[in-house]
Amino acid sequence: MTFQTYLEQFEQILNSPNPPAPYDNPDYFNYTKLNWSRMNRWMKKGEILPHVKEKIEAIKKAQEWIVITEPWCGDAAHIVPFIQMMADLNPLIRIDFELRDSEPNRIQDYLTNGGKAIPKLIIRNTNGDRMSPIASATAQDLATWGPRPAECQELYTKMHASQASFEEVKIQLQNWYNEHQGVEIQEEIAALL
């Protein structure tokens with residue numbers, strides 16, 4: 001799906017009087033509501049670093065970027081906007097969004113330490129016409145990234161090991177993303193290109 005379709009699905013969840021599972025759970029619904037706010041904030045105020053912009057604009061061969069995500073994912077609210085803004089810089093990059101918990105269940109091929117951690121970015125070549133459905137079928141992975149920047153992942157791993165509460169983990173990760181303003185996300189993805 002396109003980013004616009006992803007946003008529309010996000011809004012449908014938030015505007016539905018009877019949202020589908022897991023959003024019928026008030027906790028998931030509230031995470032999603034917060035994530036909508038966070039994502040829109042980054043789309044308005046996030047900035048792509050000049051050297052990252054140059055690197056993306058210099059891409060000369062078509063690429064397909066697949067982002068596996070879900071609206072309830074707190075990390076995705078901070079990461080997906082930067083991935084989208086980066087992809088928007090070069091018309092040779094076609095970006096597609098997939099939900100982790102829906103078909104085609106591609107996340108099974110991109111597990112992190114055995115888990116379905118998201119968001120996950122898969123960067124592929126297109127082996128020809130990027131608009132052809134065959135191109136996607138014959139594409140080869142050039143790189144994968146996710147579910148979060150290395151420093152943020154280290155923070156998460158330490159907190160998990162110390163058995164920090166879910167609430168404390170959420171607060172610390174939120175603070176990390178706010179402090180770092182998308183810099184590490186951009187730097188790490190640019191390093192893969």
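Evaluate E = 1/(1 + (r/R0)^6) for residue 187 and residue 21, where r is the Cβ-Cβ distance and R0 equals 41 Å; express this FRET efficiency to the nearest 0.05. List each step's numbers first, then the result.
Details: r = 37 Å, r/R0 = 0.89.
With a Förster radius of 41 Å, E is 0.65.
Can you compute the charge dipole magnitude of the chain about its Cα centre, using +1 on each Lys and Arg Cβ and -1 on each Asp and Glu Cβ, nothing else charged? Give it in debye, rounded to the nearest 20.
280 debye
Placing +1 on the Cβ of each Lys and Arg and -1 on the Cβ of each Asp and Glu in region 3-192, which of 164, 34, 87 has its Cα farthest towards the positive end of the resulting dipole?
87
Using θ = phi - 60° and the Karplus form 6.51 cos²θ - 1.76 cosθ + 1.60, what ³J(HN,Hα) does each residue of region 147-160 get, whole Hz, x for Gly and Pro?
x, 7, x, 3, 5, 5, 5, 4, 4, 4, 4, 5, 5, 5
How would you order 101-109, 184-192, 65-73 from highest to lowest mean count of nearby Cβ atoms within 10 Å?
Highest to lowest by the protection proxy: 65-73, 184-192, 101-109.
Taking amide H positions as placed 1.01 Å from N in the peptide plane, with prolines and chain starts having none, which residues 5 or more places from residue 93, or on another chain, fall under 5 Å of its amide H?
Under 5 Å from the amide H of residue 93 lie the amide H atoms of 63, each far enough along the sequence or on another chain.
Would you kindly calculate the translational diffusion coefficient of region 3-192, applying Stokes-Einstein with the Kirkwood radius from alpha carbon pairs, for 25 °C and a viscosity of 0.890 mPa s, and quote it in µm² s⁻¹ without decimals?
Stokes-Einstein gives a translational diffusion coefficient of 141 µm²/s.
How long are the semi-axes of the equivalent ellipsoid of region 33-120, defined as square roots of 5 times the Cα gyration tensor eigenvalues? Whole Å, largest first.
23, 18, 10
From the backbone phi of region 116-122, what are the Karplus-calculated ³J(HN,Hα) couplings (6.51 cos²θ - 1.76 cosθ + 1.60, θ = phi - 60°) in whole Hz, Gly and Pro given as x?
Calculated HN-Hα couplings, in order: 8, 5, 9, x, 10, 10, 10 Hz.
Any idea what angle helix 26-45 forms with the longest principal axis of the chain, computed on alpha-carbon atoms, 0 to 90 degrees, nearest 10?
It works out to around 50 degrees.
Return the calculated 222 nm mean residue ellipticity for the chain, to the nearest 500 deg cm²/dmol, obtained by summing -39500 (n - 2.57) across DSSP H runs with n ≥ 4 and dividing by the residue count.
About -16000 deg cm²/dmol.
Along the charge dipole of the chain, Cβ charges K/R +1 and D/E -1, which of 63, 97, 173 sits furthest on the positive end?
63
Given the peptides 3-15, 112-124, 77-89, arrange them by the average over their residues of other C-beta atoms within 10 Å, most packed first.
77-89, 112-124, 3-15
Please report the antiparallel percentage of the DSSP beta bridges confined to the chain, to the nearest 5.
60 percent
Non-local amide H neighbours of residue 143 (under 5 Å, H modeled in plane, Pro and chain starts lacking H): which ones?
HN-HN under 5 Å from residue 143: 123.
Rule-based calculations on the coordinates, nothing more; no lab input. Not measured: the values here are computed from a predicted model. Note that each Cβ is placed from the backbone with ideal geometry, even for glycine, and that neighbours are counted across all protein chains shown.
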